[in-house]
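Notes follow once the structure below has been shown.
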Amino acid sequence: MTVAAPPALLRLLHGLTAALLPLAWLSGWVVYSLYDGRWGRLPQPISADWIDIHGSIGVALWPVALLFVGYALTAGRWRLRRAANALPLLALVLAVGSGKLMQEDWLRDGQLHHLAYSLHLLAWLLIALAVPLHLLALWRRGGPALLATMLRWH
Ligand code: HEM
């Protein structure tokens, strides 16, 4: 079975988002573990300025996410009728939006009570649910052939 590839602009923006988002998610996990840890901690990671690393990935992600969200809400709107596509987009918007409202020193100063930080944690959780659900739904709909359409350059 051949599956038609999505438009090139969607593949580009979606691909950049799908590459950067897991990096932001993973580094965010390390930051939570080092500076928060209320629900458990990871084993001590390599020592580095993880807030800075996470922030830099966030800086790279947000303009890409902005373009991707713009595309998805206009030209790709019909794809969002599927909850499995809409949910990761919602999680992405929440993550990037709440991240932009956060200040670098909050966690260093032990300030864990800010609303933006709570929303950022919620977004992290939502991403952990929405992205696997997105992949599972696509797999069930079209198997590896459908997943591969988003990864193809040509
Ligand atoms: C990592 C974070 C990811 C996010 C935030 C995300 C988000 C989205 C969104 C919002 C759409 C709809 C786009 C539109 O409205 O035009 C979409 C579609 C799609 N995504 Fe993802 N995605 C992610 C990862 C992946 C991965 C890793 C794959 C496959 C390898 C994938 C495969 C697809 C495919 C095939 C479609 C088209 C589905 C359709 O036509 O209904 N996605 N994705």
| remark: Checking ALA145, ALA128, ALA123, ALA137 in turn, the sole residue that is closer than 21 Å to LEU90 by Cβ, open to solvent by less than 90 Å² (accessible area, probe 1.4 Å) and touching a residue at least 60 places away in the same chain (Cβ under 8 Å) turns out to be ALA128
| note | Expected single match for open to solvent by less than 70 Å² (accessible area, probe 1.4 Å), in contact (Cβ under 8 Å) with a residue 60 or more places away in the chain, of a type in the set (A, V, I, L, M) and out of contact with any strand residue (DSSP E or B) (no Cβ under 8 Å at 6 or more places or on another chain) among ALA75, ALA65, ALA48, ALA86 is ALA75
| query | Would a scan of segment 98-107 turn up a residue that is out of contact with any helix residue (DSSP H, G or I) (no Cβ under 6 Å at 6 or more places or on another chain), open to solvent by 50 Å² or more (accessible area, probe 1.4 Å) and part of a helix (DSSP H, G or I)? | reply | yes
| note | Residue hits (segment 15-38; open to solvent by 40 Å² or more (accessible area, probe 1.4 Å) and assigned to a helix (DSSP H, G or I)) are LEU16, ALA18, ALA19, PRO22, LEU23, TRP25, LEU26, TRP29, LEU34, TYR35
| field | Filter result (in contact (Cβ under 8 Å) with a residue 40 or more places away in the chain and within 15 Å of the ligand (Cβ to nearest atom)) within segment 89-113 | value | LEU90, ALA91, LEU92, ALA95, GLY99
| request: Identify, by number, the condition in (1) modelled with pLDDT of 95 or more; (2) under 18 Å from the mean Cα position of the chain (by Cα); (3) surrounded by 12 or more Cβ atoms within 10 Å (Cβ to Cβ) that MET150 doesn't meet. | output: (1)
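The values are calculated or read from the model by the stated rules, or taken from the named source; none is laboratory data. Being a predicted model, the structure only gives us computed values, none of them experimental. All Cβ positions, glycine included, derive from the backbone under ideal geometry; neighbour counts span all protein chains shown. Note: accessible area is taken over every heavy atom of the protein model, side chains too, but ligands, DNA and RNA are not part of it. Shrake-Rupley method; radii C 1.70, N 1.55, O 1.52, S 1.80 Å.
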